[in-house]
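*Asks:* I have a structure I would like to understand better, so I am pasting it below and will then ask my questions one at a time.
The values are calculated or read from the model by the stated rules, or taken from the named source; none is laboratory data. None of the values given here were measured: they were computed from a predicted structure. Here the Cβ positions follow ideal geometry from the backbone for every residue, glycine too, while neighbour counts run over all protein chains shown.
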Amino acid sequence: MSTLIRYVPIVIVFALWEIATRFGLVSRALVPDLGDVATAFWQLLTSGELLFNAARSLGRALSGLAAATAFGVVAGLLMATIRPVRLLVNPLVQVFYPMPKSALIPVVMVWFGLGDLSKIVLIFLGCILPVVVSTYNGARGVDHALVWSAASLGASRREILTEIVLPAAMPDILSGIRTALAFSFILMVSSEFILAKDGIGFLIATLGDGGAYAAMFACIFTVAGVGFGADRLFGLLMRHTLRWREQ
Amino acid sequence: MESSVGIDVRSVSHTYGARGGREIIALKGIDLAVRPNEFHALLGPSGCGKSTLLYLIGGFVPVQTGAITTARGPVTGPARERGIVFQNFALFPWKTVRENVLYGLEKLGLDRKAREQRAREFIELVHLDGFEDAHPSQLSGGMQQRTAIARTLAVDPEILLMDEPFGALDAQTRRVMQEELRAIWQRKQKTVVFVTHDVHEAVFLAERISIMSARPGRIEHVIDVRLDRKAGAEVMKSREFAELSEQIWELVRQQAIAATRGTV
């Protein structure tokens, strides 16, 4: 119940929206009636259009995120344990991190074409840095005493890395992946605005261009809802994985 | 396996130097001979380098000058013969008590049945039966340290290095743990190097005590603890215990004062 109460502000926003449109405080041409949005949503859903495009988008986001996680964790661990790797990669990370990855959309379009690959590469680039940085910080922050204990119990260097440093850094790694998950959604939609023939971002852009604002808002709410759901789901997964931390 | 060498520390000095920063001489010309199966305490003011010396013996920090030798030869890195117990327990928090104890046994290459059996044996030794499946976060400090001791002893190290192992525990738990450690040492016969700044703890546990100077750490005195141990923990109430503690405290106090003045 208390978790539901937390979302009351969202209900208030919808209520204000409804009041504004119903009493003509805003132009209906610009802000559609929530009832119209619901109708449009239902039509998009039953026609299969929404599910098809959402699935295409999710496929891209999750592919990019999965690749970023795999490479990012390995890179972060190597940075933390091997000095030359750290010296080589650290400046690249620092320069590349604050740069908005959407600036690369034209470049990946030229290099990887208009298909799925260009979007996956872009999402990969946007997601890998939070994973690298959080893995690196987590691995660097591992208590020496844990590593030394394992070494004195007979663990090899490789075993210490995979059996001690990796799980000890897991809370940081998972927070990094969670940040990356949000980035993947941002880049998924913004890349589909510009270079796609399908996907939820493509749908939003097309409907907007065509003046179908109710349908466009239906798609926007869908993206928001799916993004929120994915984040919550990841949070649950995180809590389950890290349940050893709880008293 | 009998040997006349427990741990032989010869002319060991150690300097911490931040690159471009100020160098700190932690240890200067340490000579220390720990006998096989001896319980040896390293006592000294904080910052005297006693933990550094322990980490050097453990092989966790590379020896810069001098040499450290055990019955197995020179120390060049961490090894199973030298187990360690830390003040902050250093348990693997994602593993249960049993999994923590099993970790070293897996590295030992024992088969599953032998591992489980041995883990059970050592969990019983430290009186943690019934808590095998608990995670460290669910345990009290004393229980966490018991787990750490079981984990270290399970792989049967010849040398047990202890870095203020009871420093994070409340006074009552500490007393119980001291008595139990003493009992375990008598049963298992290990060479123990025990770092502490608690004089009573050192006198109660150790057969010999090395008193270290303030930084740069040197060994100033080596004291034989000759007490009639038949009474067990009751020995702490005896006059000899009080007198010896007082005498040692005076020696440590001089170093502690020197440390705060920074004159030595």
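*Asks:* Take A:VAL165 and decide whether it is hydrophobic (A, V, I, L, M, F, W, C), assigned to a loop (DSSP other than H, G, I, E, B) and within 14 Å of another protein chain (Cβ to nearest Cβ).
*Replies:* no
A quick yes/no check of all residues on (1) more than 13 Å from chain A (Cβ to nearest Cβ); (2) closer than 28 Å to B:VAL63 by Cβ:
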residue	(1), (2)
B:ALA79	no, yes
B:ILE84	no, yes
B:VAL101	no, no
B:VAL126	yes, no
B:GLU132	yes, no
B:PRO136	no, no
B:THR152	no, yes
B:PRO165	no, yes
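*Asks:* Is it the case that A:SER152 is more than 11 Å from chain B (Cβ to nearest Cβ) and of a type in the set (Ser, Thr, Tyr)?
*Replies:* In short, no.
*Asks:* Does any residue of the range A:131-138 turn out to be under 17 Å from A:GLY201 (Cβ atoms) and either crowded, with 23+ Cβ neighbours inside 10 Å or in contact (Cβ under 8 Å) with a residue 60 or more places away in the chain (or both)?
*Replies:* Looking for residues that are under 17 Å from A:GLY201 (Cβ atoms) and either crowded, with 23+ Cβ neighbours inside 10 Å or in contact (Cβ under 8 Å) with a residue 60 or more places away in the chain (or both), one finds none in the range A:131-138, hence no.
*Asks:* Let me ask something additional. Please go through the range A:119-149 and give me each residue that is farther than 24 Å from A:PHE96 by Cα and either polar (S, T, N, Q) or at the interface with chain B (Cβ under 9 Å from one of its Cβ atoms) (or both), ordered by number.
*Replies:* Within the range A:119-149, A:ASP143, A:HIS144, A:ALA145, A:LEU146, A:VAL147, A:TRP148, A:SER149 qualify.
*Asks:* Right, another one. Condition first: assigned to a helix (DSSP H, G or I) and either over 13 Å from B:GLY142 (Cα atoms) or among the basic types (Lys, Arg) (or both). Now tell me which residues in the range B:180-202 satisfy that.
*Replies:* B:ARG182, B:ALA183, B:ILE184, B:TRP185, B:GLN186, B:ARG187, B:LYS188, B:VAL199, B:HIS200, B:GLU201, B:ALA202
*Asks:* Condition check: free of Cβ contacts under 8 Å to residues at least 24 places away in the same chain, away from chain B (no Cβ under 14 Å), surrounded by fewer than 22 Cβ atoms within 10 Å (Cβ to Cβ) and not small (Gly, Ala, Ser). Does A:MET99 satisfy that?
*Replies:* Against the criterion (free of Cβ contacts under 8 Å to residues at least 24 places away in the same chain, away from chain B (no Cβ under 14 Å), surrounded by fewer than 22 Cβ atoms within 10 Å (Cβ to Cβ) and not small (Gly, Ala, Ser)), A:MET99 qualifies.
*Asks:* Taking the range A:168-180 on its own, how many of its residues are more than 12 Å from every other protein chain (Cβ to nearest Cβ) and free of Cβ contacts under 8 Å to residues at least 40 places away in the same chain?
*Replies:* Going through the range A:168-180 one residue at a time, the tally reaches 1.
*Asks:* Out of the residues in the range B:168-196 that are β-branched (Val, Ile, Thr) and out of contact with any Ser or Thr (no Cβ under 7 Å at 6 or more places or on another chain), which is surrounded by the fewest Cβ atoms within 10 Å (Cβ to Cβ)?
*Replies:* B:VAL176
*Asks:* Looking at this structure, is A:ALA155 in contact (Cβ under 8 Å) with a residue 40 or more places away in the chain and either touching a Lys or Arg at 6+ places or on another chain (Cβ under 7 Å) or of a type outside the set (Lys, Arg) (or both)?
*Replies:* no
*Asks:* Does the range B:239-255 contain at least one residue that is of a type in the set (A, V, I, L, M) and without any contact (Cβ under 8 Å) to a residue 40 or more places away in the chain?
*Replies:* yes
*Asks:* Identify the single condition in (1) over 30 Å from the mean Cα position of the chain (by Cα); (2) surrounded by fewer than 24 Cβ atoms within 10 Å (Cβ to Cβ) that A:LEU153 does not satisfy, given that it satisfies every other one.
*Replies:* Single failed check for A:LEU153: (2).
*Asks:* Considering the range A:17-31 alone, what residues qualify as being loosely packed, with under 11 Cβ neighbours inside 10 Å and hydroxyl-bearing (Ser, Thr, Tyr)?
*Replies:* Within the range A:17-31, just A:SER27 meets the criteria.
*Asks:* Is it fair to say B:THR147 is more than 10 Å from chain A (Cβ to nearest Cβ) and closer than 18 Å to A:GLY154 by Cα?
*Replies:* yes
*Asks:* Taking the condition part of a loop (DSSP other than H, G, I, E, B), more than 18 Å from B:GLY83 (Cβ to Cβ), touching a residue at least 40 places away in the same chain (Cβ under 8 Å) and not hydrophobic (A, V, I, L, M, F, W, C), does B:ARG215 pass?
*Replies:* Yes, satisfied.
*Asks:* Exactly one condition in (1) away from chain A (no Cβ under 14 Å); (2) surrounded by fewer than 20 Cβ atoms within 10 Å (Cβ to Cβ); (3) farther than 24 Å from B:SER4 by Cα is not met by B:GLU201; state its number.
*Replies:* For B:GLU201, the exception is condition (2).
*Asks:* Applying the selection to the range A:104-119, what residues are modelled with pLDDT of 90 or more and of a type in the set (Gly, Ala, Ser)?
*Replies:* Of everything in the range A:104-119, just one residue is modelled with pLDDT of 90 or more and of a type in the set (Gly, Ala, Ser), namely A:SER118.
*Asks:* Quick check on the range A:198-247: of everything there that is aromatic (Phe, Trp, Tyr) and over 15 Å from the mean Cα position of the chain (by Cα), which residue is surrounded by the most Cβ atoms within 10 Å (Cβ to Cβ)?
*Replies:* So the residue we want is A:PHE217.
*Asks:* Just wondering, is there one or more residues in the range B:154-162 that are of a type in the set (Asp, Glu), modelled with pLDDT of 90 or more and within 30 Å of B:ARG115 (Cβ to Cβ)?
*Replies:* yes
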